[in-house]
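Single-structure report; data block below.
The values are calculated or read from the model by the stated rules, or taken from the named source; none is laboratory data. Keep in mind the model is a prediction, meaning the values are calculated, not measured. Positions of Cβ are backbone-derived with ideal geometry, glycine not excepted, and every protein chain shown enters the neighbour counts. Note: areas computed on protein heavy atoms with side chains; ligands, DNA, RNA excluded. Shrake-Rupley method; radii C 1.70, N 1.55, O 1.52, S 1.80 Å.
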Amino acid sequence: MDDTDRKILNLVQKGLPVTSRPLEKIAEPLSLTEDEVLERLRRLKEEGIIRRIGAILDPRSLGWVSTLCAARVPEEKVDDFVGVVNQHPGVTHNYERYAYYNVWFTLTVPSWEEVGKTLAEFSKKTGIDELVHLPAREIFKVRVQFEL
Amino acid sequence: MIPLTEKEKAVLRELQGDLPLVKHPYAEIAERLGIDEPELLKIVRDLMARGIIRRVGAILRHRKAGVKANAMGVWSVPEAEVKRVGRLMAEDPDVTHCYQRDPVAHWPYNLYTMIHGETEEACERIAKRLSEKTGIASYRLLFSTREFKKESLKIIT
């Protein structure tokens, strides 16, 4: 990754204009051609540095709800538990973190009722009862772009 | 909240995946959907104006992009101070997310910050700085030891 890659990534993370030729807006300030930008983006995607280029949706705008879930899972049951939980399309991030609760995942579904149902189902399928969720009472900051 | 039309759902289904890496990505998507490009652009702009699409852009695997360590900082803040402390932490450029959540059994923490740094030690220094800045001494940093899943949500099926 060189400086030009970093500059491209910084711009593309902020967002592309919704126009017929969105890459023009990236190429122009960097004095590159659209083809050069395309070539670099394809490579960065191939190398796995870019996970996805597309629309970033706001589920809350459609009335959906998001919450952080935490489970206390014995070491030998972690793989089974994660296998069940990860099958749910509303689970987008899932990490092991060493603490009282050791599996931490986010769940986004159409309603709070659905949160309760989903977690009850996870417990039933996995036998893990120490499963809590921690809805945000207030959001002070959300920033998913990284200055490189 | 205006419900989505079938056409809008079809557009979102395409755009929640990958934008084709070509000069005219919307022309390609419009063709797949059987509409013309100006109509597609109008629908996308309208979905953005309504806040359903935040932006069209790139999401990185930040570990691969050089932002190596992330820590979830959990803080135990007196209820009356949560707003002040939350805002102070949110101002910090190394904090990407800052949420207030209610404590639960075995877990007394009520303020959550995602901290990103070059190394785990860097995250620890950032947390220490936040602790000194806010006066909140009761906190823990939870590093992720394994990543089980990370993907974008597909809300339209």
Enumeration of residues in region B:18-42 that are under 22 Å from A:ARG43 (Cα atoms) and in contact (Cβ under 8 Å) with a residue 12 or more places away in the chain: B:LEU19, B:HIS24, B:TYR26, B:ILE29
Of (1) buried (at least 19 other Cβ atoms within 10 Å of the Cβ); (2) of a type in the set (A, V, I, L, M); (3) more than 7 Å from chain B (Cβ to nearest Cβ), A:VAL91 fails just (3)
If you check every pair at least six apart or on different chains, which have Cβ atoms under 6 Å apart with a residue in region A:72-83 that is touching a residue at least 24 places away in the same chain (Cβ under 8 Å) first and a residue that is among the hydroxyl-bearing types (Ser, Thr, Tyr) second? A:ARG72/A:TYR101; A:PHE81/A:THR126
Any residue that is more than 7 Å from chain B (Cβ to nearest Cβ), surrounded by 15 or more Cβ atoms within 10 Å (Cβ to Cβ) and at pLDDT below 95 - is there at least one of those in region A:43-50? no
Keeping to region B:59-69, report how many residues are hydrophobic (A, V, I, L, M, F, W, C), without any contact (Cβ under 8 Å) to a residue 60 or more places away in the chain and either surrounded by fewer than 19 Cβ atoms within 10 Å (Cβ to Cβ) or under 12 Å from B:LEU15 (Cα atoms) (or both). 1
Scan of region B:54-72 for residues that are more than 7 Å from chain A (Cβ to nearest Cβ) and outside any strand (DSSP E or B), ordered by number: B:ARG63, B:LYS68
Out of the residues in region B:17-38 that are of a type in the set (Gly, Ala, Ser) and within 9 Å of chain A (Cβ to nearest Cβ), which is farthest from A:THR33 (Cα to Cα)? B:GLY17
Please go through region B:1-53 and pick out each residue that is farther than 18 Å from A:PRO59 by Cβ, open to solvent by 80 Å² or more (accessible area, probe 1.4 Å) and either in contact with a helix residue (DSSP H, G or I) (Cβ under 6 Å, 6 or more places away or on another chain) or not in a helix (DSSP H, G or I) (or both). B:ASP36
Which members of region A:60-72 meet the condition of being within 11 Å of chain B (Cβ to nearest Cβ) and either over 12 Å from A:PHE105 (Cα atoms) or touching an Asp or Glu at 6+ places or on another chain (Cβ under 6 Å) (or both)? A:ARG60, A:SER61, A:LEU62, A:GLY63, A:TRP64, A:ARG72
Can you name the residue in region A:15-42 that is farther than 21 Å from B:GLN16 by Cα and touching an Asp or Glu at 6+ places or on another chain (Cβ under 7 Å) and is also nearest to the other protein chains (Cβ to nearest Cβ) among such residues? A:GLU34
Looking at region A:1-35 only, could you name the residues that are β-branched (Val, Ile, Thr), open to solvent by 40 Å² or more (accessible area, probe 1.4 Å) and within 19 Å of B:ARG55 (Cβ to Cβ)? A:THR19
Among the residues of region B:141-157, which ones are more than 7 Å from every other protein chain (Cβ to nearest Cβ) and open to solvent by 80 Å² or more (accessible area, probe 1.4 Å)? B:THR157
Taking region A:100-137 as the search range and keeping residues that are of a type in the set (Gly, Ala, Ser) and either open to solvent by 40 Å² or more (accessible area, probe 1.4 Å) or in contact (Cβ under 8 Å) with a residue 24 or more places away in the chain (or both), which one is nearest to B:LYS154 (Cα to Cα)? A:SER111
Check whether at least one residue in region B:118-135 is within 12 Å of another protein chain (Cβ to nearest Cβ) and either open to solvent by 70 Å² or more (accessible area, probe 1.4 Å) or in contact with a strand residue (DSSP E or B) (Cβ under 6 Å, 6 or more places away or on another chain) (or both), and report yes or no. yes
